[in-house]
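Enquirer: Before I ask anything, let me first share the structure, which is written out below as structure tokens.
The values are calculated or read from the model by the stated rules, or taken from the named source; none is laboratory data. None of the values given here were measured: they were computed from a predicted structure. Cβ: placed from backbone, ideal geometry, glycine included. Neighbour counts: every protein chain shown. Areas reflect the complete protein model, heavy atoms only, side chains present, ligands, DNA and RNA absent. Shrake-Rupley method; radii C 1.70, N 1.55, O 1.52, S 1.80 Å.
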Amino acid sequence: MLRISTEQNVVSLAIALEGPIAGPWAAALSQTWGESAPSLGKRQLLIDLRNATDADAIGIRILREIYSQTAARFLTSNPWTRHVAEEITRG
């Protein structure tokens, strides 16, 4: 199960992902982004992958789409999350 939480302030909108970004949980991320995107405005988007545990091709595709729309900054904590962030930002 993927836990998704959002936090907003004047400077940024943060989306924290905890668990697998895969299967139906990837769709939940897409839905959360669709609901959050209109409120982003000129703020920076932060995607917190520090507690993500896995990502399938659909999850990576959704993260790439979000990145291509926003140039989001990824927060990472280990080699796997750094690899995922690098793969997404390289396009």
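Enquirer: Can you grab the distance from the C-alpha centre of segment 75-89 to the C-alpha centre of segment 1-53, Å, no decimals?
Expert: Computed from Cα coordinates, the inter-centre distance equals 15 Å.
Enquirer: I need the semi-axes of the equivalent ellipsoid of the chain: take the C-alpha gyration tensor, multiply each eigenvalue by 5, square-root it, list largest first in whole angstrom.
Expert: Output for the chain: semi-axes of 18, 14, 12 Å.
Enquirer: Averaging sequence separations of C-alpha pairs under 8 Å and six or more residues apart, then dividing by the length of the chain, give the relative contact order as a whole percent.
Expert: Reported relative contact order: 29 percent.
Enquirer: Accessible area per residue for the chain in Å², computed with a 1.4 Å probe and the full protein assembly in place, what is it?
Expert: 56 Å²
Enquirer: Considering the zone a paramagnetic label at residue 75 would reach in this model (a point 7 Å from Cα along the Cα-to-Cβ line), which residues of segment 3-46 have amide N under 13 Å from it?
Expert: Label zone hits: 5-9, 12-18, 45-46.
Enquirer: Here's a follow-up. What nm distance separates the two modelled labels at residue 68 and residue 32, each placed 7 Å from Cα along Cα→Cβ?
Expert: In this crude spin-label approximation the distance works out to 2.2 nm.
Enquirer: With a 1.4 Å probe and every protein chain kept in, tell me what percent of the accessible surface of the chain is carbon plus sulfur.
Expert: Carbon-and-sulfur percentage of accessible area, whole number: 51.
Enquirer: Let me ask you something else. 7 Å from Cα along Cα→Cβ at both residue 9 and residue 82: what's the point-to-point distance in nm?
Expert: 2.6 nm
Enquirer: What nm distance separates the two modelled labels at residue 40 and residue 53, each placed 7 Å from Cα along Cα→Cβ?
Expert: Placing both labels 7 Å beyond Cα along the Cβ direction yields 2.8 nm.
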